[in-house]
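I have placed the structure first, in the form of structure tokens, so that the comments after it can refer back to it.
The values are calculated or read from the model by the stated rules, or taken from the named source; none is laboratory data. As the structure is a prediction and not an experimental result, all values here were calculated from the model. Cβ sites come from the backbone with ideal geometry, for glycine too, and all protein chains shown count toward neighbours.
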Amino acid sequence: MQSIDRKNVLGILDEIQTTGHSPLKVIADDNQTYFIKNYGGILPAYYLCSEIICNGLLSIWQLPTPQIILLDLNSKSFQEKLLKYSKKYHKAHYYDNIPAVGSLLVEGNIIELNTLTEPSSWLEINTIENKDNIWKIGLFDIWVENDDRKPSNPNTLIQHISTNRKKVYALDHAFCFNSIAYKDLHPDFGVSQSFNDNILFTNLAKELFKKYQNDKPFRNDVESFFKAKVEICRIHFCEILDNIPIEFGLNEIDKEKLYNFLFHQQRNKNVLECFFDHIEDYA
């Protein structure tokens with residue numbers, strides 16, 4: 001499992017105002033542009049831990065997601081700049097002694113998934129080179145209880161590589177694991193995603209299922225894929241957790257509870273059942 005780099009912020013470009021964390025757009029000392037979130041003054045820094053954990057899990061699932069790094073921001077150097085931004089999210093001491101998590105800017109011609117509301121034809125959809133990743137992202141989100149990817153807020157980018165090539169990226173995983181303290185997770189919770197709270201309910205996903213669902217033994221493929229990826233994630237889970245800096249305050253109880261939640265056999269059967277329930281009306 002590849003370790004996460006740690007860099008310094010050289011400049012702040014802007015604040016991206018959202019209903020979540022309103023990340024800052026910054027330039028780091030590797031001359032790359034990142035969107036960064038801080039710990040918000042609360043430890044353990046579960047939101048930042050979730051970003052790192054899900055980035056590692058997504059890499060095992062081979063689902064494209066922006067590279068993440070740890071970024072140190074000297075609040076004294078940017079004191080006047082920070083005063084211009086939301087006080088709720090960007091108090092100077094939120095950056096003191098604890099790194100932020102940065103997500104690399106996906107460059108090029110980028111649109112959000114929800115702008116593809118009415119695919120004109122299968123040929124248009126077919127330009128998405130990793131279109132199977134739509135259902136894989138939906139399955140992943142059920143597994144990790146992602147509360148923040150849905151038709152109204154897909155947190156999924158489509159990158160236009162060329163006229164006939166598009167690529168899907170999953171991003172923003174702060175609100176996973178039920179958005180609660182890991183120590184409070186329990187596999188008996190089962191699966192709690194509410195109706196329409198998943199990328200599987202986007203028009204694009206529905207269209208994809210209509211077009212290729214009957215072309216292969218889809219259920220067997222999904223079950224085999226899920227079980228294989230979950231097992232690899234289990235094997236490498238400690239390596240993923242090793243990327244979380246000690247400053248984030250994650251303890252052994254948190255880690256144990258999260259492990260038991262993600263790799264509980266009955267809960268993962270429920271994950272698959274939930275997935276097939278989601279798509280049964282249009283698959």
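Are any residues in segment 253-283 part of a loop (DSSP other than H, G, I, E, B), in contact (Cβ under 8 Å) with a residue 24 or more places away in the chain and not aromatic (Phe, Trp, Tyr), and if so, which ones? Walk me through it before giving the result.
Applying the first criterion (part of a loop (DSSP other than H, G, I, E, B)) to segment 253-283 yields 263-264, 280-283.
From what's left, in contact (Cβ under 8 Å) with a residue 24 or more places away in the chain: 263-264, 282-283.
Once the filter is applied, which keeps residues that are part of a loop (DSSP other than H, G, I, E, B), in contact (Cβ under 8 Å) with a residue 24 or more places away in the chain and not aromatic (Phe, Trp, Tyr), segment 253-283 yields HIS264, ALA283.
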>> Among the residues that make up segment 162-179, is at least one of them closer than 21 Å to GLU51 by Cα, in contact (Cβ under 8 Å) with a residue 40 or more places away in the chain and either touching a Lys or Arg at 6+ places or on another chain (Cβ under 6 Å) or in the same structural domain as THR65 (by TED's automatic domain parsing) (or both)?
In response: no
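Take ASP132 and tell me if it is outside the structural domain of GLU223 (by TED's automatic domain parsing) and either at pLDDT 85 or above or aliphatic (A, V, I, L, M) (or both). Please lay out each step first, then the result.
Details: outside the structural domain of GLU223 (by TED's automatic domain parsing): no; either at pLDDT 85 or above or aliphatic (A, V, I, L, M) (or both): yes.
In short, no.
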> Of the conditions (1) outside the structural domain of SER152 (by TED's automatic domain parsing); (2) touching a residue at least 40 places away in the same chain (Cβ under 8 Å), ASN114 fails just one. Which one is it?
Replying inline: (1)
> Which condition number in (1) farther than 27 Å from VAL144 by Cβ; (2) of a type in the set (Gly, Ala, Ser); (3) crowded, with 19+ Cβ neighbours inside 10 Å is the one that ALA45 fails?
Replying inline: (1)
>> Looking at LEU82 and the list (1) crowded, with 23+ Cβ neighbours inside 10 Å; (2) over 30 Å from LYS227 (Cβ atoms), which single condition is not satisfied?
In response: (1)
> Would you say ILE42 is free of Cβ contacts under 8 Å to residues at least 40 places away in the same chain, within 21 Å of PHE177 (Cβ to Cβ) and out of contact with any helix residue (DSSP H, G or I) (no Cβ under 7 Å at 6 or more places or on another chain)?
Replying inline: yes
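Can you confirm whether segment 217-228 contains a residue that is among the polar types (S, T, N, Q), surrounded by fewer than 14 Cβ atoms within 10 Å (Cβ to Cβ) and within 23 Å of LYS150 (Cβ to Cβ)? Steps first, answer last, please.
So in segment 217-228, the residues among the polar types (S, T, N, Q) come out as 220, 224.
Cutting the leftovers down to surrounded by fewer than 14 Cβ atoms within 10 Å (Cβ to Cβ) gives us 220, 224.
Now narrow it down to the ones that are within 23 Å of LYS150 (Cβ to Cβ): none.
Checked segment 217-228: no residue is among the polar types (S, T, N, Q), surrounded by fewer than 14 Cβ atoms within 10 Å (Cβ to Cβ) and within 23 Å of LYS150 (Cβ to Cβ).
Identify, please: which residue in segment 159-206 is outside any helix (DSSP H, G or I), of a type in the set (Val, Ile, Thr) and at pLDDT 80 or above and is, among those, farthest from TYR34 (Cα to Cα)? I'd like the intermediate steps shown before the answer.
Here is the first cut: in segment 159-206, the residues outside any helix (DSSP H, G or I) are 159-176, 180-181, 185-186, 190-198, 202.
If we keep only those that are of a type in the set (Val, Ile, Thr) as well, we get 161, 163, 168, 180, 191, 202.
Retained after the next criterion (residues that are at pLDDT 80 or above): 161, 168, 180, 191, 202.
On the way: ILE161: 20, VAL168: 19, ILE180: 26, VAL191: 33, THR202: 27 Å.
This residue is VAL191.
The rows are residues; the columns are (1) hydrophobic (A, V, I, L, M, F, W, C); (2) buried (at least 21 other Cβ atoms within 10 Å of the Cβ); (3) in the same structural domain as LEU241 (by TED's automatic domain parsing).
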| residue | (1), (2), (3) |
| --- | --- |
| ILE12 | yes, no, no |
| THR19 | no, no, no |
| VAL26 | yes, yes, no |
| PHE35 | yes, yes, no |
| CYS49 | yes, yes, no |
| GLY56 | no, yes, no |
| PRO64 | no, no, no |
| LEU73 | yes, yes, no |
| LYS76 | no, no, no |
> For VAL106, all conditions in the list (1) of a type in the set (A, V, I, L, M, F, W, C); (2) crowded, with 21+ Cβ neighbours inside 10 Å; (3) in a loop (DSSP other than H, G, I, E, B) hold save one; what is the number of the exception?
Replying inline: (2)
>> I need every pair where a residue in segment 12-36 that is touching a residue at least 12 places away in the same chain (Cβ under 8 Å) and more than 19 Å from ARG149 (Cα to Cα) has its Cβ under 7 Å from the Cβ of a residue that is surrounded by 13 or more Cβ atoms within 10 Å (Cβ to Cβ) and of a type in the set (Lys, Arg), sequence separation at least 6 or different chains.
In response: ILE12/LYS81; LEU13/LYS25; ALA28/LYS7; ASP29/LYS7; ASP30/LYS7; THR33/LYS25
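Taking segment 2-60 on its own, how many of its residues are in a loop (DSSP other than H, G, I, E, B) and on the phi < 0 side of the Ramachandran plot? Write out each step before concluding.
Keep residues of segment 2-60 that are in a loop (DSSP other than H, G, I, E, B), which gives 2-5, 16-23, 29-32, 38-45.
Cutting the leftovers down to on the phi < 0 side of the Ramachandran plot gives us 2-5, 16-21, 23, 29-30, 32, 38-39, 42-45.
Residues in segment 2-60 being in a loop (DSSP other than H, G, I, E, B) and on the phi < 0 side of the Ramachandran plot: 20 in total.
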